[in-house]
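Data first, discussion second: the structure below is written as structure tokens.
Coordinate-derived values only; no laboratory data. Because the structure is a prediction, the values reported are computed rather than measured. As a convention, Cβ positions derive from the backbone with ideal geometry for all residues, glycine included, and neighbour counts pool all protein chains shown.
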Amino acid sequence: MTGSFAVGTDIVSVPRVAGLLAGGGEAFRRRWFTDREIAYCESKAQPGRHYAARMAAKEAVAKALEWEWDGPVIWRCIEIGHNARGAAQAELSGPVLELARAAGMRELRVSLSHCDEYATAVAILHCDPGAVEPEAVEPEAVEPDG
């Protein structure tokens, strides 16, 4: 396998996310999550764990991309879902996808885990050899529709 690899990881407090969901619920959800992510998390017995795992995965993807971002991060442009086998996968859109393409992204893998207290995620980005370094990205005013 040729090319370069970048790794990102993050850990999130499940009780903290559960508190954010209870306190500022809808605004918090809409800032961070797509409609599909919200539907998935809300279908679970303990939604806070699943929201926290998705937050950790989004942060891990951002770290793997090694971007320099101007303005608020458009977290909804990183959607965490599942492939046909049930494994976690990240789907990028908008300016985050443009950044990944500019960096020569070949493949992006994510892995999530959670318990009562913490959710964690790892992202591995495989880029083409000689890919350019990510540059500063200006966020778009419009977020994707989930």
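Some observations on this one:
- Estimated D of the chain in µm² per second, where Rh is the Kirkwood radius over Cα pairs and Stokes-Einstein applies at 37 °C, 0.692 mPa s: 212 µm²/s
- Computed FRET value (nearest 0.05) for residue 102 with residue 39, which takes r as the C-beta separation and R₀ as 35 Å: 0.65
- By the count of other C-beta atoms within 10 Å, a proxy for reagent exposure, 44, 63 are ordered fewest to most as 44, 63.
- Full-stretch length increase - residue 87, residue 22 - with 0.36 nm per residue and alpha-carbon distance subtracted: 20.6 nm
- Viscosity 0.890 mPa s, 25 °C: Kirkwood-radius Stokes-Einstein D of the range 38-107 over Cα pairs, µm²/s: 187 µm²/s
- In order along the range 107-114, the phi-based Karplus estimate (6.51 cos²θ - 1.76 cosθ + 1.60, θ = phi - 60°) of 3J(HN,Hα) comes to 8, 10, 10, 10, 9, 10, 8, 7 Hz; Gly and Pro are listed as x.
- Screening the chain for whole DSSP H helices with an alpha carbon extent of at least 24 angstrom along the helix axis and a mean Kyte-Doolittle hydropathy of at least -0.5 yields 47-65.
- Which of 73, 12 has the fewest Cβ neighbours within 10 Å, and the rest in rising order: 73, 12
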